[in-house]
Amino acid sequence: MIGAEHFLIVSAILFAVGVTGALISRNLIMIFMSVEIMLNAANLAIITFARMHGDMGGHVIVFLTLTVAAAEAAVGLGLIMTLYSKRGSVDAAKFNIMKW
Amino acid sequence: MEALDLNIVVFYLAAGTAIGSAFLMVWQRNPVASALYMILSILSQAVLYVLLDAVFVGALLVIIYAGAIVTLFLFVIMMLNLRGEHFVEPSTGSKRYVKLLVSGLVGAELVYLIAQSSGPGMALAPLTGAMANFGDVKPVAELLYSKYLYGFEITSILLLVAIVGAVILARRESGE
């Protein structure tokens, strides 16, 4: 029988994969996609808890999170486009004017 | 008993595909292939949502993520044309192994904590009676438009701000 812990472990592994991607890649778009994977892992955990407790409030939270993710993707990709037009690159290592 | 076994098979298939394609997404050097693996991962996660009786949210995940967000990513990747000279290599050398170690530790810690807390309380009881329509469109919508109405309305303001922000960013970019 599949319990909530199975789904939570899947969610934890997905989160770790997202962390790996965000850490090892230098491409801004790849980092952004890894962050989206982490967001999805958290959503899966929320859905699991909603099912565990029989409370549909978790579904509403995931609905709102999806909206936030869509808004975030639109603004984030706009920022990446602007950075690309300024520097001609999407290499995260090249955006270091805040480094001291 | 037969249906129960099928659920287990579907769970392991969907979980394996979700994790495997997320790994391939991170490992890919071509961003377009990464975005396509991300779609595969999200579709498998939608299967997991359906196994958790979240039918409505699972459908939304497919529509919003696979349909809208990844398409937006693909648009930007293709517009920037990241192949060739603008291609960015992932970090290499000893730094890479430190980063892999750190993320592996994060994953191992999370899995360990969940395995520690697993017990009879984590079993998913079958939904019967009043809970039979758990996760359908109607009960979720009723909750969304009554208890969580303020959050829902504030989200519309967020979307408005995001639209204005995206338009301003894109406009400055084309003006230069």
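The values are calculated or read from the model by the stated rules, or taken from the named source; none is laboratory data. Given the structure is predicted, the values throughout are model-derived calculations rather than measurements. All Cβ positions, even for glycine, are placed from backbone atoms using ideal geometry, and neighbour counts span all protein chains on display.
Going residue by residue through the range B:79-94, is there one that turns out to be modelled with pLDDT of 85 or more, in a helix (DSSP H, G or I) and more than 8 Å from chain A (Cβ to nearest Cβ)? Looking for residues that are modelled with pLDDT of 85 or more, in a helix (DSSP H, G or I) and more than 8 Å from chain A (Cβ to nearest Cβ), one finds none in the range B:79-94, hence no. Among the residues of the range A:8-24, are any under 18 Å from residue B:76 (Cβ atoms), of a type outside the set (D, E, K, R) and either within 7 Å of chain B (Cβ to nearest Cβ) or touching a strand residue (DSSP E or B) at 6+ places or on another chain (Cβ under 7 Å) (or both)? Taking every residue of the range A:8-24 in turn, at least one turns out to be under 18 Å from residue B:76 (Cβ atoms), of a type outside the set (D, E, K, R) and either within 7 Å of chain B (Cβ to nearest Cβ) or touching a strand residue (DSSP E or B) at 6+ places or on another chain (Cβ under 7 Å) (or both).
Search the range A:25-39 for residues being of a type in the set (A, V, I, L, M) and either more than 7 Å from chain B (Cβ to nearest Cβ) or out of contact with any Pro (no Cβ under 9 Å at 6 or more places or on another chain) (or both), and hand back the single one that is farthest from residue B:22 (Cα to Cα). Spell out how you get there, then give the answer.
So in the range A:25-39, the residues of a type in the set (A, V, I, L, M) come out as A:28-31, A:33, A:35, A:37-39.
Now drop any that are not either more than 7 Å from chain B (Cβ to nearest Cβ) or out of contact with any Pro (no Cβ under 9 Å at 6 or more places or on another chain) (or both), which leaves A:28, A:31, A:35, A:37-39.
Numbers: A:28: 17, A:31: 13, A:35: 12, A:37: 8, A:38: 10, A:39: 13 Å.
It comes out as A:28.
Quick one: in the range B:49-69, of everything that is touching a residue at least 12 places away in the same chain (Cβ under 8 Å) and under 11 Å from the mean Cα position of the chain (by Cα), which residue is surrounded by the fewest Cβ atoms within 10 Å (Cβ to Cβ)? Top of the filtered list is B:62. The one condition from (1) crowded, with 23+ Cβ neighbours inside 10 Å; (2) outside any helix (DSSP H, G or I) that residue A:17 does not meet is (2).
Considering the range A:40-97, and only residues there that are part of a loop (DSSP other than H, G, I, E, B), surrounded by fewer than 18 Cβ atoms within 10 Å (Cβ to Cβ) and of a type outside the set (A, V, I, L, M, F, W, C), the residue that is nearest to the other protein chains (Cβ to nearest Cβ) turns out to be A:54. Within the range B:146-162, the residues that satisfy the criterion of being facing chain A (nearest Cβ under 8 Å) and assigned to a helix (DSSP H, G or I) are B:151, B:152, B:155, B:158, B:159, B:161, B:162. Taking the conditions exactly as written (among the aromatic types (Phe, Trp, Tyr) and in contact with a Gly (Cβ under 9 Å, 6 or more places away or on another chain)), does residue A:63 satisfy them or not? No, not satisfied.
Taking (1) surrounded by fewer than 12 Cβ atoms within 10 Å (Cβ to Cβ); (2) small (Gly, Ala, Ser); (3) in contact with a Leu (Cβ under 8 Å, 6 or more places away or on another chain) in turn, residue B:103 satisfies each apart from (1).
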